Amino acid sequence: MKKCLFLSRILLCSMVLLFNSCQNDDSPVSYDKENNQYTNMWINEQMRKYYYWNEDLPVFTNLSTDPKDYLGKLLNTDDHFSYSINPADSERSPKSIRSAYGFDISFLEYNGQAFGVVLFVLTDSPAEKSGLKRGQFIKSINGTTIHYQNFENLYLDLASSGSVQLELTEYSSATGFSEVKNIGLIRSFTFSHPVKHEVIVYNNQKVGYIEISHFDAGLAATFLQIFKEFQEQSVSKVIVDLRHNGGGDVSSATALSVILAPNIKSDDVFIKLRGNKNGGLVNQTFKEALEMNESQVSFESLRNAHPSIQELYVLCGNHTASASEIILNNLKPFMNVISIGEKTTGKDAAGFAIEDNRLADKKGWVLCPVIYKLFNANNEGNYALGISPTVELNELQEIEIFPLGDVRETLLNQALSGEKNFRQKKHSTVKKLLLNKNCIDADPFLQIHL
């Protein structure tokens, strides 16, 4: 079988060899190569070898069921992230609103009315090109008015649709709600994740603010340049905005961590991965985790860009997942991490994709199971229910929502003011409507290399 690293390139090739050494030599039952039994037997074999919860796998003898449904019956109740892809059917790949249209959405109630609210828009996305921006309110989706009973179903419909019509309005304290306008979006996959940064002067203090929407591979050079600028301007405080970061490349997240953490050495353990009996325990140092996919910028170069800080402020929320949760959890043994916002997604899992290439003339299914659980150097992990912030603060406290990077914006303003000056608004006129965890747009092991 062909094994390809995904999400966590931090896994060494030697671990694949370790798994392979655990296979038995029993001859498999033979099935017709064109039917579901042939695929499902392969899925069963891979899950029993690699799956984190392999000892709890149920026994299903009905191998004739659809492979996607068959995998679903094998998954542990705590597993929200494993999935499979049939390359012959792209419509069965995991979908999200961000990957389809390029924006993040939440829902709220204001004066007895439910709205969708745009929280984040990707650069060069269908959403941005159509004029969508943070702080706009969605009244209806494809002609259906949003209310308390249907907002979650509308969210799921939006994620799976090929096009959408939105009815929008905006709000400012000076003029109230604007006239309603309609825009249309068409699904596309051509947009980027630029890293935005600036130096903010607040109460005579220079603060380095950096917003990262995704840990794309190869960001080490970008981080190096940004933090050299912060050094040149003598920032004494750093705020990292990860509230809309659903994950990405772990080596990229490691590069940022190497810059931020004070007094670390290249051979300090940064990430611990625990698998089943076949996978065992894998310890990754800062240098090893960095060099798995960031070989162009050295550990020493990144360390030279370290700002003069002993603590870090991180803005987070329920879209914060995977590699961005590593920043929160795995920097804790090395510095004081003050997180502000809401509980994160809780994606404490990693693994690699497994491709069924038994047939030379046909691409087989790709299986993406949870293989490892993630821990920091102090063996702290187990955050499947999310990481609770140091300061719990809902960014939707007021109906007027400011742009990211604006000092009036709720979470940034709190970070600028400091942890000790926390003031939760007691009587907010806005109530957030919570989505089911399975609706959150976190990376579902997206980095598959076939």
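The values are calculated or read from the model by the stated rules, or taken from the named source; none is laboratory data. Because the structure is predicted, anything quoted here is derived from the model rather than measured. Cβ sites come from the backbone with ideal geometry, for glycine too, and all protein chains shown count toward neighbours.
Mind listing just one residue for me: the one in region 44-98 that is within 30 Å of residue 126 (Cα to Cα), of a type outside the set (D, E, K, R) and without any contact (Cβ under 8 Å) to a residue 12 or more places away in the chain and, of those, surrounded by the most Cβ atoms within 10 Å (Cβ to Cβ)?
Here the answer is 93.
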Subset of region 151-177 [modelled with pLDDT under 95, surrounded by 13 or more Cβ atoms within 10 Å (Cβ to Cβ) and part of a loop (DSSP other than H, G, I, E, B)]
161
Residues to consider are 138, 200, 210, 186; find the one that is loosely packed, with under 15 Cβ neighbours inside 10 Å, β-branched (Val, Ile, Thr) and touching a Phe, Trp or Tyr at 6+ places or on another chain (Cβ under 9 Å).
186
Residue check for residue 212: more than 30 Å from residue 306 (Cβ to Cβ), in contact with a Ser or Thr (Cβ under 8 Å, 6 or more places away or on another chain) and of a type in the set (A, V, I, L, M):
no
List the helices (runs of 4 or more DSSP H) inside region 1-95, counting only whole elements, that have at least 3 residues being at pLDDT below 90.
13-20
Pairs needed: first member in region 125-143, within 21 Å of residue 96 (Cβ to Cβ) and in contact (Cβ under 8 Å) with a residue 40 or more places away in the chain; second member anywhere, assigned to a helix (DSSP H, G or I) and of a type outside the set (Asp, Glu); C-beta distance under 6 Å; at least 6 residues apart or different chains.
126/101; 127/101
Step by step: first the residues of region 172-201, then only those that are of a type in the set (Phe, Trp, Tyr) and touching a helix residue (DSSP H, G or I) at 6+ places or on another chain (Cβ under 8 Å), then the one that is nearest to residue 231 (Cα to Cα). Which residue is that?
191
Collect the residues in region 327-386 that are among the charged types (D, E, K, R), without any contact (Cβ under 8 Å) to a residue 40 or more places away in the chain and either closer than 24 Å to residue 260 by Cβ or in contact with a Ser or Thr (Cβ under 9 Å, 6 or more places away or on another chain) (or both), keeping them in residue-number order.
348
Against the definition (in a loop (DSSP other than H, G, I, E, B) and within 30 Å of residue 96 (Cβ to Cβ)), how does residue 197 come out, yes or no?
no
Could you tell me which residue of region 190-211 is farthest from residue 252 (Cα to Cα), considering only residues that are among the hydrophobic types (A, V, I, L, M, F, W, C) and touching a Gly at 6+ places or on another chain (Cβ under 9 Å)?
200
Please specify each residue of region 341-385 satisfying the condition of being among the hydroxyl-bearing types (Ser, Thr, Tyr) and within 25 Å of residue 39 (Cα to Cα).
372
Quick check on region 299-311. Is at least one of its residues surrounded by fewer than 24 Cβ atoms within 10 Å (Cβ to Cβ), within 30 Å of residue 106 (Cβ to Cβ) and touching a strand residue (DSSP E or B) at 6+ places or on another chain (Cβ under 7 Å)?
yes
In the set 362, 343, 347, which member is in a loop (DSSP other than H, G, I, E, B), surrounded by fewer than 23 Cβ atoms within 10 Å (Cβ to Cβ) and at pLDDT below 95?
362
For residue 133, indicate whether it is of a type in the set (Lys, Arg), out of contact with any Cys (no Cβ under 6 Å at 6 or more places or on another chain), surrounded by fewer than 17 Cβ atoms within 10 Å (Cβ to Cβ) and closer than 30 Å to residue 362 by Cα.
no
Looking only at region 43-99, how many residues end up being within 15 Å of residue 368 (Cβ to Cβ) and charged (D, E, K, R)?
5
Just checking, does region 401-413 include any residue being surrounded by 21 or more Cβ atoms within 10 Å (Cβ to Cβ), assigned to a helix (DSSP H, G or I) and either among the basic types (Lys, Arg) or in contact (Cβ under 8 Å) with a residue 40 or more places away in the chain (or both)?
yes
Here are some residues: 115, 120. Which one is outside any loop (DSSP other than H, G, I, E, B), of a type outside the set (Lys, Arg) and over 25 Å from residue 350 (Cβ atoms)?
115
For region 360-377, state whether one or more residues are within 24 Å of residue 240 (Cα to Cα) and within 15 Å of the chain's Cα centre (by Cα).
yes
Examine region 215-223 for a residue that is surrounded by fewer than 23 Cβ atoms within 10 Å (Cβ to Cβ) and among the aromatic types (Phe, Trp, Tyr), and state whether such a residue exists.
no
Yes or no: residue 200 of a type in the set (Val, Ile, Thr) and touching a residue at least 40 places away in the same chain (Cβ under 8 Å)?
yes
For residue 122, are the conditions met, namely being surrounded by fewer than 21 Cβ atoms within 10 Å (Cβ to Cβ) and of a type in the set (A, V, I, L, M, F, W, C)?
no
